[in-house]
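Trainee: Take a look at this one; I'll ask things after.
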Amino acid sequence: RIGSEDDILRLDIINGLPLARIEARACKIDDNTKDKDEWRYRSFDGFLDEGETFIQRLQKDWHTVVQSFHVAHTFLADLLVSILEDVEQTRRDEQRGPMTSIKVTFHPPEILLRIKGTASAPVHLEVSRQTYAGSQYSLFFNPDIDESSMNTSWQEDYTITNMHNQLQIKIAGGLRGGIIDYIRMYGFYEGGDGNPYRVDPVLLLAVLTGYDQYVDEDTIRVYGAREEARLLRQIHLEIQELKIRQAQVQSDSEEGEWLQQRISTLLAEAETARADIG
């Protein structure tokens, strides 16, 4: 666990993996077949900016969170856990479906209010949950270690939206095994200009307090473009899967007609996403 900037500088191995191997995994991957050994631990969105080292990313976010905000990474991780636990308790109490959006009221702790310099006020959040058929393995997963608490994978993510300013963050992995663990252990919020799963600490503050003075228009625009880019990649992947199925059925069958209609719909959605990005 990272407790100081000196700890960051001394870091060279995580879960038995040298940083060089982790940084290689952290690069974007466009085709899983191009890295048959490590593709499970990589992401289409990447984990770091191009040319950025893991240490550099940790240092940047250490300066923002610890030196500027004067809070600990563990504190922010605990806040995210408490919000998601509240969401899931509400889901159980109200007998909501597993992917139904849940609205909760969050009371920012005093230390966050000191950062934004305003009086306490409850923040209304809407939290959606998405599950996937495939698993994302942790960047730090070590297949050579049979039993490790860091050998995790997940099939879900949450999106937390501030209902007042409409800013949002995406939490990969939910309560355990994903970005919250990264933040808690290493102050790693992910990086990458095209990565919708980066939890930018400044944006996180704006979501949790409703105070968006520190979030400039460029940041809002970039994060909006990231979300559209992520949607575009998902659409292309689904189209590829549908075309594989389409090749296996008769075009004039009921399934064949449905597949063609679905592909046409997705192509139209892709054009809309491209327009929004451009």
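The values are calculated or read from the model by the stated rules, or taken from the named source; none is laboratory data. Computed from a predicted model, the values in this text were never measured in an experiment. All Cβ positions, glycine included, derive from the backbone under ideal geometry; neighbour counts span all protein chains shown. What goes into the accessible areas is simple: the full protein's heavy atoms, side chains included, and nothing from ligands, DNA or RNA. Shrake-Rupley method; radii C 1.70, N 1.55, O 1.52, S 1.80 Å.
Trainee: Quickly run through the stretch 154-167 and pick out the residues that are in contact (Cβ under 8 Å) with a residue 40 or more places away in the chain and either in a strand (DSSP E or B) or within 17 Å of Arg198 (Cα to Cα) (or both).
Mentor: Asp157, Tyr158, Ile160, Thr161, Asn162, Leu167
Trainee: Being assigned to a loop (DSSP other than H, G, I, E, B) and either crowded, with 16+ Cβ neighbours inside 10 Å or touching a Phe, Trp or Tyr at 6+ places or on another chain (Cβ under 8 Å) (or both) is the filter here, so list the residues in the stretch 124-147 that pass it.
Mentor: Ser138, Leu139, Phe140, Phe141, Asn142
Trainee: Can you find, within the stretch 129-172, the residue that is farthest from Ile22 (Cα to Cα) among those that are more than 13 Å from the chain's Cα centre (by Cα) and small (Gly, Ala, Ser)?
Mentor: Ala133
Trainee: Looking only at the stretch 49-63, how many residues end up being buried (at least 17 other Cβ atoms within 10 Å of the Cβ) and either without any contact (Cβ under 8 Å) to a residue 60 or more places away in the chain or within 19 Å of Arg184 (Cβ to Cβ) (or both)?
Mentor: So the answer is 5.
Trainee: If the requirement is being of a type in the set (A, V, I, L, M) and at pLDDT 95 or above, which of these qualifies: Leu112, Leu76? Write out each step before concluding.
Mentor: Working: Leu112 fails: at pLDDT 95 or above.
After ruling out the rest, the residue left standing is Leu76.
Trainee: Same structure again: Within the bounds of the stretch 33-41, is there any residue that is in a helix (DSSP H, G or I) and farther than 21 Å from Met150 by Cβ? Let's see the steps before the verdict.
Mentor: So in the stretch 33-41, the residues in a helix (DSSP H, G or I) come out as 33-34, 39-41.
Next, from what is left, pick out any that are farther than 21 Å from Met150 by Cβ: 33-34.
The answer is yes; a qualifying residue exists.
Trainee: How about the stretch 5-32: which of its residues are in a loop (DSSP other than H, G, I, E, B), more than 17 Å from Gln136 (Cβ to Cβ) and open to solvent by less than 90 Å² (accessible area, probe 1.4 Å)? Spell out how you get there, then give the answer.
Mentor: Restricting attention to the stretch 5-32, the residues satisfying the condition of being in a loop (DSSP other than H, G, I, E, B) are 11-12, 15-16, 27, 29-31.
This time we only want the ones that are more than 17 Å from Gln136 (Cβ to Cβ), so: 11-12, 16.
Matches in the stretch 5-32: Leu11, Gly16.
Trainee: Give the stretch 68-110 a look and list any residue that's over 19 Å from the mean Cα position of the chain (by Cα), under 14 Å from Pro122 (Cβ atoms) and in contact (Cβ under 8 Å) with a residue 24 or more places away in the chain, or say none.
Mentor: Answer for the stretch 68-110, where residues must be over 19 Å from the mean Cα position of the chain (by Cα), under 14 Å from Pro122 (Cβ atoms) and in contact (Cβ under 8 Å) with a residue 24 or more places away in the chain: Lys103, Phe106, Pro108, Pro109.
Trainee: Tally time: how many residues in the stretch 36-67 are of a type in the set (S, T, N, Q) and on the phi > 0 side of the Ramachandran plot?
Mentor: Qualifying residue count, the stretch 36-67: 0.
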